[in-house]
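Working notes, beginning with the structure itself.
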Amino acid sequence: MKLFVRNSRGPLDWLMLGTASAAGLFLTGKIVRKLSVSKLDLRDKIVLITGGSRGLGLCLGFELGNRGARLALCARDQQELEEARNRLAARGIEAAVFPCDISDESQISPLVGNVLDRYGRIDVLVNNAGHIIAAPFESFDHSDFERAMNVMFWAPVNLSFAVLPLMKQQRSGSIVNITSIGGRVSVPHLLPYCCAKYAFVGFSNGLGAEVKSQGIHVLTAIPGLMRTGSYLNAQFKGSAEREFAWFGLLGNLPGFSVAASYAARCIVNALETNRHTCTISLPAKFLMRAEALFPETTQRVFSATSQYLLPAPNGEKVALSGKILNNRFNRVFQALTALGKSAALQLNE
């Protein structure tokens, strides 16, 4: 006797089966990708870090050094570099220091030559140096944009020109470009910074696509707000005290910002696993997605923020540093920015 089994699956059954299959394929793909990733061994790698004397640059030095890398730190201030080297040495991390103003193109080649004289090669270049000035557009002048572009765009471009021939000879090498959420979503009152970072993101992504076939890896790191203590070294124009207040509060409150050590760990993990992009912090990821999906709404929100929340333009063009302005604020502000001040002490800011 023949038995006939009737297919009793309905639409819901097929939907569940399809969902389970898709989930299985997704998990399988992730496992395959993890197995196929060749991890970069940082032991004894020579790493040149610009802006390496303080802030995120120094924090990256701690993280890379703990994983066995040998460091070449570059910054403008010799005294800050010596202090950074001493702090690294206290943790058993080797670092050589190279004073250099990378915004001056003529100093790039001697810098690279000095690092090669000391170590013989450069395995990883970390383009980290930055400069922040906050003000309404009316308080900026051409020099503010020029300085931002020189430090955060032309310097990484010139350094890449200098190290890429070496890496091509080695058939290996990595370039880590520390950009910013400001290079993906332009923020009011930070126009010079955002313009330079936008250009930097474009350069980094395009460069990575071109040199991958030559054995060179480029990582574009996109941090959101970080507690590095850099708010004390930033500059402010216009209603400088009010500009410093909003910048200092947002840049140091948990939830809006992340610890510098967490950001450094994310970046080095991404370097080790040969990732091409690394976006750090949930607010940064949310802002990028919001701007991509709802550009008109995002623009209206920023416009309202500029009009009603940020300091109004007053035409003042004198720049004041965060350290000077911080002394003018009371204990309530100091308490709200305590994490940032602690980071500044730890990271030589």
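Each value in this text was obtained by applying a stated rule to the coordinates, not by laboratory testing. Given the structure is predicted, the values throughout are model-derived calculations rather than measurements. Note that we place each Cβ from the backbone using ideal geometry, even for glycine, and neighbour counts take in every protein chain shown.
Details
- The chain - mean residue ellipticity at 222 nm from DSSP helices (-39,500 (n - 2.57) per run, n ≥ 4, rounded to 500): -15500 deg cm²/dmol
- If you take all other residues with their beta carbon under 15 Å from the beta carbon of residue 213, and give Lys and Arg +1 and Asp and Glu -1, the sum is +2.
- Share antiparallel - DSSP beta bridges, the range 42-346, percent rounded to 5: 5 percent
- Distance in nm between pseudo-label sites at residue 118 and residue 249 (7 Å out along the Cβ direction from Cα): 4.2 nm
- Separation of the alpha carbons by more than 27 angstrom is noted, of 197/285; 197/341; 237/285; 45/285, for 237/285; 45/285.
- Net lengthening on full extension, residue 212/residue 294 (0.36 nm per residue, minus Cα-Cα): 26.2 nm
- Estimated distance in nm for a label pair at residue 282 and residue 262, the labels positioned 7 Å out from Cα along Cα-to-Cβ: 0.9 nm
- FRET efficiency for residue 89 and residue 339, using Cβ-Cβ distance with R0 set to 30 Å, rounded to 0.05: 0.70
- Between residue 242 and residue 301, the distance separating the two model label sites (each 7 Å from Cα on the Cα→Cβ line) works out to 2.3 nm.
- Under the convention that each Lys and Arg Cβ holds +1 and each Asp and Glu Cβ holds -1, the size of the dipole of the chain around its Cα centre is about 1620 debye.
- Neighbourhood charge, 12 Å Cβ-Cβ cut-off, centred on residue 48 and excluding it, Lys, Arg +1 and Asp, Glu -1: +3
- Mean projected area of the convex hull spanned by the Cα atoms of the range 42-346, taken over all viewing directions: 15.3 nm².
- The range 284-301 and the range 186-232 have their alpha-carbon centroids 18 Å apart.
- Gyration tensor (Cα) of the range 248-349, equivalent ellipsoid semi-axes in angstrom: 27, 24, 12
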